[in-house]
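Since the structure comes first, as structure tokens, the remarks are kept for the end.
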Amino acid sequence: MSRIRVAIQKSGRLSDKSLSLLQRCGLEFARSKDKLFWYGQDFPVDLLLVRDDDIPRMLLDGVCELGIVGQNIAEEVMLERNGGSGLQELRKLRFGGCRLSLAVPEDSSASSAADLNGARIATSYPALTTHLLSEQGVSAKIVELAGSVEIAPGLGTADAIADLVSTGTTLRANHLRELEVIYRSTAALYTGGQLSADKQALLDRLLLRLDGVLHAEASKYVMLHAPREAVQTITELLPGAEEPTLLTLDGNQEKVALHAVCRETLFWEHLEALKAAGASAILVMPVEKMLA
Ligand code: ATP
Ligand code: ZN
């Protein structure tokens, strides 16, 4: 019987969340402490633990069928190797969010990307940065660095940087000012090419589970008591809810119990609005798995 391999980051920002996502899809692995290969038990999907930068190439070379990696890295490798193609993004994932931003020294007079025409820009994403800047008609001299990009302006080796940012703390610590966001990235699940029929069938089973997990993550099960005359209003206030279940309350004619699955994020503001519309005893619960 055939098996498929998923490559995930061995240790870094995406590691724990990638592994936990696969585990929530019901995959279990026989762990080996130092080895890069974990054998899948019960379900024929094995794990490869590697550096994130290697994942797109492994997919393109057919070393593995699936990989979880940041869109930034997938785009970079595709632009560098295939003129922007070769990998297929199967699902965007809800972690690993960051932005690729241009940043300049605090005292720089630059106010937009256009002001960086002809400037030296340090980055670990040369192909992606060149591509994004050229879309804006900006041509820059790329200084490629594998890491510590943020110190390049201070060292005088670059005038600006294009680097990944999530909070901006690193930029501030290095006296840099974020000039412009040029790309937004999240982690995503990729495949490298055409699969044989039996591997595709396996992938389809895995994707069905993954969709169940991803939909469940975004969903909440809400239970509340609603005045009969407010049921319509209250249902409309529930984000992404369809056809709630109504149950009678023993000994209470005025109110009913209303249960619904909300498929969109439920904020405190929603709960406040529900209360203002007459809802009481509001209970919000996580949804673990969901199959339509
Ligand atoms: P490896 O040793 O596997 O090469 P790395 O140091 O290149 O690891 P990490 O810093 O763990 O990689 O980042 C992995 C991915 O996490 C990035 O490619 C990006 O998609 C995402 N990410 C999210 N937030 C940030 C951030 N603030 N800085 C850098 N990457 C981020
Ligand atoms: Zn890396």
By accessible area with a 1.4 Å probe, ligands and nucleic acids excluded, highest first: order of Asp54, Asp34: Asp34, Asp54
Using alpha-carbon coordinates, inclination of helix 71-82 to the longest axis of the chain, degrees: 50
Rounded accessible area of Arg57 (nearest 10 Å², 1.4 Å probe): 80
Under the Debye formula (equal points on every Cα, no solvent term), log10 I(q)/I(0) of segment 133-185 at q = 0.17, 0.19 Å⁻¹: -0.57, -0.72
Listed residues Ile142, Ile182, Ile234, most fluctuating in the chain (Gaussian network, C-alpha, under 10 Å): Ile234
Extended-chain gain in nm, criterion 0.36 nm per residue less alpha-carbon gap, Thr186 and Ser280: 30.1 nm
Computed accessible area, Thr191, all protein chains, 1.4 angstrom probe, square angstrom: 10
Cα-based helix-to-principal-axis angle, 197-218 vs the chain, degrees rounded to 10: 70
Nearest-10 value in Å² for the accessible area of Ser196, using the 1.4 Å probe: 60
Nearest-ten-degree value, helix 126-135 long axis tilted from longest Cα axis of the chain: 80
Over 23 Å between alpha carbons, listed pairs Lys10/Lys141; Lys199/Lys220; Lys17/Lys220: Lys10/Lys141; Lys199/Lys220
Accessible area expressed per residue, segment 219-286, with surrounding protein chains retained (probe 1.4 Å, Å²): 62
Where N is the number of residues in the chain, Cα Rg divided by 2.2 N^0.38 Å: 1.28
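On the accessible surface of the chain, probed at 1.4 Å, how many percent belong to carbon and sulfur atoms?
With neighbouring chains kept in place, the figure for the chain is 50 percent.
The values are calculated or read from the model by the stated rules, or taken from the named source; none is laboratory data. In this text, all values refer to a predicted model and were calculated from it rather than measured experimentally. These area figures cover heavy atoms from the full protein model, side chains too; ligands, DNA and RNA do not enter into them. Shrake-Rupley method; radii C 1.70, N 1.55, O 1.52, S 1.80 Å.
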